[in-house]
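K.L.:
Pasting in a structure now, in structure tokens, and then I'll have a few things to ask.
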Amino acid sequence: MGLNTTAQNLIGFLNLAELGIGSAIGCILYKPLYEKNTQAINEIVSVQGWLYQRVAYIVIAGACILMCFFPLIFEKAKVPLWYTYGSFCVLLVSALLGYFVNYRQIVLTADQKEYKVTLNVQGFKVIKVILQILAIYYLMNGYIYWMALELMMAITTAIVLDKLLKREYPWLKSTPSAGGGLKRKYPEIITKTKQVFFIR
């Protein structure tokens, strides 16, 4: 529990690189969603995808630097060091899926449909936790299965959210590679991000 909590806190620290981009995008999406302006929504989400890719690279770089210090940070931990690296990497992959795949779920949040994310994902989380408890309790090297289940849940969540978005918004086609050029069209994204970052 201590190892898992510490790894989650370290990932949370690295996620500060997000700077509040998601909150800013959510605010900016309200108007085009109300107006049903699908082109503007696709462009804004493309900018978010482009920004999130840059954030993901910063998170990856930060994670690599941080892992160099694991022998010092977890010096007194009574678990094998590879457990630490394994837990951290699994949680890192889960966070990176949010930057590369799941970022489009901001449309559901802005459209007041975040409950659909909860309905579609919460059941999987409950099953995952039950299986993890059983694996730790009954299986030899149960923590390996714990990590495998954590990784499987992250991938399953990404797939489920992708299908949910395709069902709800079949017109939603984000192109992160085009987002760099589109960011000049939406300067309010950077302005609001700065405001949210300052508050955070």
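The values are calculated or read from the model by the stated rules, or taken from the named source; none is laboratory data. What you see is a predicted model, and the numbers here were worked out from it, not measured in a lab. Cβ sites come from the backbone with ideal geometry, for glycine too, and all protein chains shown count toward neighbours. When the accessible area is computed, the model is the full protein with side chains, heavy atoms only, and any ligands, DNA or RNA have been set aside. Shrake-Rupley method; radii C 1.70, N 1.55, O 1.52, S 1.80 Å.
K.L.:
Between segment 95-125 and segment 20-66, what is the separation of their alpha carbon centroids in Å?
P.N.:
Segment 95-125 and segment 20-66 have Cα centres spaced 14 Å from each other.
K.L.:
Mind checking the dipole of segment 18-158: about its Cα centre, +1 per Lys or Arg Cβ, -1 per Asp or Glu Cβ, Debye to the nearest 20? Spell out each step's value before the answer.
P.N.:
Values: 10 positive and 7 negative charges, 36 e Å.
The dipole of segment 18-158 has a size of about 180 debye.
K.L.:
Just going by the charge dipole of the chain, with Lys and Arg at +1 and Asp and Glu at -1 on Cβ, which of Tyr145, Tyr57, Pro187 is farthest out on the positive end?
P.N.:
Ranked along the dipole, the leading option is Pro187.
K.L.:
Once the dipole of segment 1-139 is set up with Lys and Arg at +1 and Asp and Glu at -1 on Cβ about the Cα centre, which of Ala17, Val47, Cys89 lies farthest towards its positive end?
P.N.:
Farthest towards the positive pole: Cys89.
K.L.:
Past 22 Å, Cα to Cα, is the threshold; run Lys113/Lys166; Lys31/Lys125; Lys116/Lys183; Lys36/Lys185 against it and keep the listed order.
P.N.:
Lys31/Lys125; Lys116/Lys183, as the Cα separations exceed 22 Å there.
K.L.:
May I ask you to give the percent of accessible area on segment 131-200 that is carbon plus sulfur, with a probe radius of 1.4 Å?
P.N.:
On the way: 3170 of 4740 Å².
Carbon and sulfur atoms account for 67 percent of the accessible area of segment 131-200.
K.L.:
Which residues make up the longest stretch of the chain that has no GluC sites (Glu not before Pro) in a DSSP loop with at most 15 other Cβ atoms within 10 Å? Let's see the in-between values first.
P.N.:
Values: sites that count: Glu35, Glu75.
Formally, the longest exposed-site-free interval is 76-200.
K.L.:
Whenever you get a sec, line up Trp50, Trp171, Trp82 from highest to lowest accessible area (probe 1.4 Å, protein heavy atoms). Can you show the working numbers first?
P.N.:
On the way: Trp50 50, Trp171 85, Trp82 130 Å².
I get Trp82, Trp171, Trp50, largest accessible area first.
K.L.:
If you don't mind, another one. So, by mean Cβ neighbours within 10 angstrom, what's the order for 98-108, 23-33, 124-134, 63-73 with the highest one leading? Don't skip to the end; give the middle numbers.
P.N.:
Working: 98-108: 20.7, 23-33: 18.9, 124-134: 13.9, 63-73: 12.2.
Output ranking for 98-108, 23-33, 124-134, 63-73: 98-108, 23-33, 124-134, 63-73.
K.L.:
Quick one: net charge of Ile190's neighbours, Cβ under 12 Å, K/R +1, D/E -1?
P.N.:
On the way: positive: Lys183, Arg184, Lys185, Lys192, Lys194; negative: Glu188.
Net charge around Ile190: +4.
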